[in-house]
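Chemist: This is the structure I have questions about; it appears just below.
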Ligand SMILES: [Fe+2]
């Protein structure tokens, strides 16, 4: 067991994923952190800050992508609400944002040459599936599993929940710009 966080795990994850502190229901915050802990336990990383965003991109951390997409999704949702009176559930955006890429913790690893590559899990199991399995084990409902499973372009099903639709555009935007311009 390598996840022997000092204090509570919610306090540990808040340091790296500030949106954890925005979750109103303490049981949901605990469950989100339990999902991250399970992934971290299966990963090669000593701490969540070491988790990577994409193969070949050692210079981009997973937590920077997660934090960026959550902040951006909340901002965009508020702008759309202001101009079009479309109501978004911010708690759903925050929790989904925290869970949407949690399986990236186990999808990348360094090979024997020191290159950051896709792990065996990433090669054999579609992105999102491991996140959904562990989220299900921690009590998240079908809507959350749907959002996780459909957020990737690998999925044949597309999201039908507005928070997931909105998040998908922001996620792709952050992914595309990071891949193109993030400085090593
Ligand atoms: Fe993402």
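Chemist: Can you report the number of residues in the stretch 147-168 which are within 14 Å of the chain's Cα centre (by Cα) and assigned to a helix (DSSP H, G or I)?
Modeler: 7
Chemist: Moving to a separate point now. Are any of the residues in the stretch 139-156 within 16 Å of the ligand (Cβ to nearest atom) and touching a residue at least 60 places away in the same chain (Cβ under 8 Å)?
Modeler: So far as the stretch 139-156 goes, no, none of its residues is within 16 Å of the ligand (Cβ to nearest atom) and touching a residue at least 60 places away in the same chain (Cβ under 8 Å).
Chemist: Then there is this: State whether the residues of the stretch 93-116 include one that is free of Cβ contacts under 8 Å to residues at least 60 places away in the same chain, buried (at least 18 other Cβ atoms within 10 Å of the Cβ) and more than 13 Å from the ligand (Cβ to nearest atom).
Modeler: Among the residues of the stretch 93-116, at least one is free of Cβ contacts under 8 Å to residues at least 60 places away in the same chain, buried (at least 18 other Cβ atoms within 10 Å of the Cβ) and more than 13 Å from the ligand (Cβ to nearest atom), which makes the answer yes.
Chemist: Let me ask something additional. Out of all the residues in the stretch 28-68, which are assigned to a loop (DSSP other than H, G, I, E, B), more than 14 Å from the ligand (Cβ to nearest atom) and in contact (Cβ under 8 Å) with a residue 40 or more places away in the chain?
Modeler: 43, 44, 45, 46, 55, 56, 58, 59 - these are the residues of the stretch 28-68 that are assigned to a loop (DSSP other than H, G, I, E, B), more than 14 Å from the ligand (Cβ to nearest atom) and in contact (Cβ under 8 Å) with a residue 40 or more places away in the chain.
Chemist: Yes or no: the stretch 26-37 includes at least one residue that is modelled with pLDDT of 95 or more and exposed (fewer than 14 other Cβ atoms within 10 Å of the Cβ).
Modeler: We begin by selecting, within the stretch 26-37, every residue modelled with pLDDT of 95 or more; these are 26-37.
With the extra rule that they be exposed (fewer than 14 other Cβ atoms within 10 Å of the Cβ), the set shrinks to 26-27.
Yes, there is a match, as at least one residue in the stretch 26-37 is modelled with pLDDT of 95 or more and exposed (fewer than 14 other Cβ atoms within 10 Å of the Cβ).
Chemist: Take the conditions exposed (fewer than 15 other Cβ atoms within 10 Å of the Cβ) and modelled with pLDDT under 95 and apply them to residue 7. Does it pass?
Modeler: yes
Chemist: Tell me which residues, restricted to the stretch 53-62, are within 18 Å of residue 119 (Cβ to Cβ) and surrounded by fewer than 23 Cβ atoms within 10 Å (Cβ to Cβ).
Modeler: Of everything in the stretch 53-62, those that are within 18 Å of residue 119 (Cβ to Cβ) and surrounded by fewer than 23 Cβ atoms within 10 Å (Cβ to Cβ) turn out to be 54, 55, 56, 57, 58, 60, 61.
Chemist: Need pairs with beta-carbon distance below 9 Å; first residue closer than 15 Å to residue 34 by Cβ and within the stretch 6-20, second outside any helix (DSSP H, G or I); sequence gap 6+ or separate chains.
Modeler: Short answer, once both residue conditions are applied: 9/3; 10/23; 11/5; 12/3; 12/5; 12/6; 12/47; 13/5.
Chemist: Looking at residue 178 and the list (1) under 14 Å from the mean Cα position of the chain (by Cα); (2) surrounded by 15 or more Cβ atoms within 10 Å (Cβ to Cβ); (3) within 16 Å of the ligand (Cβ to nearest atom), which single condition is not satisfied?
Modeler: So the condition that residue 178 fails would be (1).
The values are calculated or read from the model by the stated rules, or taken from the named source; none is laboratory data. Source: prediction; values computed, not measured. All Cβ positions, even for glycine, are placed from backbone atoms using ideal geometry, and neighbour counts span all protein chains on display.
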